Amino acid sequence: MTTLGRIACIAALALSIALPTAASAAEKVTFLLPGPENLPAFVPYQLARAKGYFAKAGLDVHFIVAKGGADVATQVAVGNADLGGGLGDTSMLVRANGLPVRGVALLGGGGLTTIIVRKDEGIDSIAGLKGKRIGVTSFGNTNYYALLAALADNGIRKSDVSIEAVGFAGIIKLMVAKQLDAISNVPENATQIEAGGVPVESFPVTQYFPAMAQAILASDKTIKERPQVVRGFVHAILQSLRDIMADPRQAAADYAKAVPQYKDKAGFIEDVLQRYAKQVYHVDKPSDLGKFDPARLAAVEKVYLDNNVIHAKVPVADLYTNAFVD
């Protein structure tokens, strides 16, 4: 080997040592989802992975399924996961119990929880649910707490209805089989139930109280010690939301390509994303995407306190931070 060749080899070796590969540089992140990761409600997370937004932020994200939003918040608070998903008001459900978790991004200005009823029950409002069978995925899911608040706002006590925790599979199957009269869950369930031949009516919970969209949750410890991880994850998900709102059809095609289960169901996913873009992700000002409104949090907390959904008031400033959105 010539002297020039030896110099080139040494230089290349030095460069490979000095600059770690993207794989070795990526920081591992465990993210808890409140339900199965292939649910359409979690399209933004799958798109962020498929389109390389996590990788661009230097993150190697692993999804794990928990037992609802309240369980996610608990596990994140005690350090069993780096980040997690819930609703915008999830932190107030656990923070009063001494669990230091808060929202770090709100995924839209609307509300996620939708109460869906069978049309053949003749229910034209939430008030008509008295005496009915209502399904939720679990009693640890924040859609359950939102249901309690909506019922209470209409003068209906928990004991006035029959609420059943039926899991993610049961929520559709039992509605189609007429073993449930209504459910409290996510907007796409309406499309899924009607695909089973059952006409439905949908009542977004925001009609009754200021329910909130999905949120990214982090513990105070993670926020303090790993701020770049939090910021990178938040920005990756917000980019997914912008993609969906800009072109739901293309986002649906990208998702169907990335998730084998939906390979031939891009039309269904497009319908779901159209619902989310209008009902959940929409914000009045683009610059508000991801941000919490403290006045809205205070209003939700008051409803929860007044109706004994929670039993202790937490300072609103402890429930969220917008520091990672700007």
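The values are calculated or read from the model by the stated rules, or taken from the named source; none is laboratory data. Predicted model, so just to flag it, every value in this text is computed and none were measured. Glycine gets a Cβ as well: all are built from the backbone with ideal geometry, and neighbour counts include every protein chain shown. Areas reflect the complete protein model, heavy atoms only, side chains present, ligands, DNA and RNA absent. Shrake-Rupley method; radii C 1.70, N 1.55, O 1.52, S 1.80 Å.
Please work out the Kirkwood hydrodynamic radius for region 92-202, using every pair of different C-alpha atoms, and report it in angstroms with one decimal place.
For region 92-202, inverting the mean 1/r across all distinct Cα pairs yields 14.7 Å.
Rolling a 1.4 Å probe across the protein heavy atoms gives region 179-272 an accessible surface of 41 Å² per residue. In plain terms, if you count all Cα to Cα distances in region 253-326 and split them into 5 Å steps from zero, the share in each step is 3, 13, 14, 14, 13, 14, 12, 10, 7, 1 percent. Only protein heavy atoms count here; under a 1.4 Å probe, R118 has an accessible surface of about 20 Å². Computing FRET efficiency as 1/(1 + (r/R0)^6) for D284 and D318, where r is the C-beta to C-beta distance and R0 is 30 Å, gives about 0.70. Using the Karplus relation 6.51 cos²θ - 1.76 cosθ + 1.60 with θ = phi - 60°, the per-residue 3J(HN,Hα) values for region 306-313 come to 4, 10, 6, 6, 10, 10, 8, 7 Hz, with x marking Gly and Pro.
Proximity of backbone amide H atoms, modeled 1.01 Å from N, is registered between E27 and L59, D60 at under 5 Å, excluding neighbours fewer than 5 places apart on the same chain. Remark on L217: its backbone amide H falls under 5 Å from those of G84, G85, G86, V104, a criterion applied only to residues 5 or more positions apart or on other chains, H modelled at 1.01 Å from N. From Cα pairs below 8 angstrom and at least 6 apart in sequence, can you work out the relative contact order of the chain, rounded to a whole percent? Computed over the chain, the figure is 25 percent.
Hey, with R₀ at 35 Å, roughly what FRET efficiency would A26 and F139 work out to, going by the Cβ-Cβ distance, to 0.05? Between A26 and F139 the formula returns 0.45.
Express the Stokes-Einstein translational diffusion coefficient of the chain in µm² s⁻¹, to the nearest whole number, given a Kirkwood radius over alpha-carbon pairs, 10 °C and a viscosity of 1.306 mPa s. Working shown, then result.
On the way: Rh = 20.7 Å.
Diffusion coefficient, whole number: 77 µm²/s.
Other residues lying with their Cβ under 13 Å from the Cβ of S125 contribute a combined charge of -2, Lys and Arg counting +1, Asp and Glu -1.
Percent of Cα pairs in region 123-282 per distance bin of 10 Å, from zero to the largest separation: 9, 31, 34, 21, 5, 0.
Express the carbon and sulfur contribution to the solvent-accessible surface of the chain as a percent, rounded to the nearest whole number, probe 1.4 angstrom.
Numbers: 7790 of 14280 Å².
Carbon with sulfur: 55 percent of the solvent-accessible area.
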